[in-house]
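Read the structure below first, then the notes.
The values are calculated or read from the model by the stated rules, or taken from the named source; none is laboratory data. Computed from a prediction, not measured in an experiment: that's the story for all the values here. Every residue, glycine as well, gets a Cβ built from its backbone with ideal geometry; the counts of neighbours run over all protein chains shown. For the accessible areas, the whole protein counts, side chains as well, though only heavy atoms, and no ligand, DNA or RNA atoms are used. Shrake-Rupley method; radii C 1.70, N 1.55, O 1.52, S 1.80 Å.
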Amino acid sequence: MKKRILTWIKPTDSQIHLANYFGAVKPMIDLSKEFPDAEFFLFLAIMHGLTWLHDGKAIHDNSLNVLKIYMACGVDLSKFVIYNPADVPAHAQLNWVLGCITHMGFMERMHSYKEALDKGKAKEISVGVFTYPILMAADILLYDADVVPVGQDQKQHVEYARDIAQRFNNLFWETFKLPQPYIKPEVGTIIWIDWRKMSKSYNNYIWLLDDEKQVLKRVKQIATDTKTVEEPKDPDQCNVYALCKLFLTSDEDTSLRKKYQAGWLSYKEAKDYLFEKIMAFLKPIQERYAQISDQEIIDLMKKNAVYVNELANKKIAEVYKKVGFTL
Ligand code: TRP
């Protein structure tokens, strides 16, 4: 049996920036190469977005656009089954069943909830934020996922999914496979533009769909020290170099390092080079993006919904029968 690996796309914004690309999109594509024999289920975390975004148009539009960008980045459809859980009623059905066998205390220990408590007023946190890990467990358990690759922030959620699967199995007999969290290797923190991480709120981001003018503006924004042109420079102390490195072959990297160390490389030149490299990276993505229509994405989701519904319905039928719902 092929291993099933479950991963997701979270449409937090209408766009994807370079840090998202290197932190989420690329590792996901690389993972599919690392496990060539596995089956990858890739779902849109759209139902989860409603916990914090109450704007139907934004949820809809962000989701379509982010899916299009992922496709343009080269998600291989022969490896990834991409689907929308909102097309699969069994997610909400299993959510209820799991909720009924989960103790409040369990949810109260979840970091995501505790963080929300720290940030806001307890009474204003939605029930959805509180029970979010239950929906996540349903996302995972419906498909007998073997492995769920997560960062540290989501590890506790996958462990809860495992615990609740075990609890269900104990109460109602063997039903769910116990998922394994796979902790993704940390993508080293990349320092962007102004010595901070790239983020929409810091206004230092480069969207994958940005045009030359926008990219140039960001590249010009990069902070450098006050060394003169002729002075040798340490590439490892330079932000322009750190960003360049993401786009270079190892030969190009060696040659750029030498130029830094030799002196007579101005920051202006280094920035021009970086600009060129970023554009060369973005152009093919943007060209592919322009060729993908909303309808294509909608059709793909519809097609895959048939397949995943088949699996999910089978699982939920088994669950309903065991808990006594089937008369
Ligand atoms: N909670 C995840 C995030 O914030 C998204 C998510 C939803 C998820 N359901 C999941 C992750 C199931 C793993 C498994 O990014």
Taking the stretch 160-183 and keeping residues touching a residue at least 24 places away in the same chain (Cβ under 8 Å) and open to solvent by 70 Å² or more (accessible area, probe 1.4 Å) leaves 163, 167, 171, 173, 177, 180
When restricted to 36, 11, the only residue assigned to a loop (DSSP other than H, G, I, E, B), of a type outside the set (Ser, Thr, Tyr), assigned by TED's automatic domain parsing to the domain that holds residue 182 and within 13 Å of the ligand (Cβ to nearest atom) is 11
Scanning the stretch 62-92 residue by residue, those at pLDDT 95 or above and over 17 Å from the mean Cα position of the chain (by Cα) turn out to be 86, 87, 88, 89, 90, 91, 92
* Asked: Do the conditions hold for residue 42, that is, is it free of Cβ contacts under 8 Å to residues at least 24 places away in the same chain and either buried (at least 21 other Cβ atoms within 10 Å of the Cβ) or part of a loop (DSSP other than H, G, I, E, B) (or both)?
  -> no
Scanning the stretch 30-61 for residues that are among the β-branched types (Val, Ile, Thr) and modelled with pLDDT under 95 gives 51
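The rows are residues; the columns are (1) crowded, with 22+ Cβ neighbours inside 10 Å; (2) closer than 27 Å to residue 305 by Cα; (3) free of Cβ contacts under 8 Å to residues at least 60 places away in the same chain; (4) within 11 Å of the ligand (Cβ to nearest atom).
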| site | (1), (2), (3), (4) |
| --- | --- |
| 112 | no, no, yes, yes |
| 115 | no, no, yes, no |
| 122 | no, no, yes, no |
| 126 | no, no, no, no |
| 134 | yes, yes, yes, yes |
| 137 | yes, yes, yes, yes |
| 142 | yes, yes, no, yes |
| 148 | yes, yes, no, yes |
| 158 | yes, yes, yes, yes |
The lone condition residue 87 fails out of (1) touching a helix residue (DSSP H, G or I) at 6+ places or on another chain (Cβ under 7 Å); (2) crowded, with 20+ Cβ neighbours inside 10 Å is (2)
Those residues of the stretch 52-70 which are open to solvent by less than 30 Å² (accessible area, probe 1.4 Å) and part of a loop (DSSP other than H, G, I, E, B) amount to none
Problem set entry | Check on residue 206, touching a Leu at 6+ places or on another chain (Cβ under 8 Å), open to solvent by less than 60 Å² (accessible area, probe 1.4 Å) and within 30 Å of residue 147 (Cβ to Cβ) | no
With the first residue restricted to the stretch 6-25 and required to be under 18 Å from residue 136 (Cα atoms), and the second required to be of a type in the set (Ser, Thr, Tyr) and modelled with pLDDT of 95 or more, Cβ contacts under 7 Å at 6 or more apart or on different chains are 6/143; 9/70; 11/63
Being closer than 21 Å to residue 209 by Cα and of a type in the set (Gly, Ala, Ser): is that true of residue 32 here?
no
Residue 327 passes all but one of the listed conditions (1) surrounded by fewer than 12 Cβ atoms within 10 Å (Cβ to Cβ); (2) assigned to a helix (DSSP H, G or I); the exception is number (2)
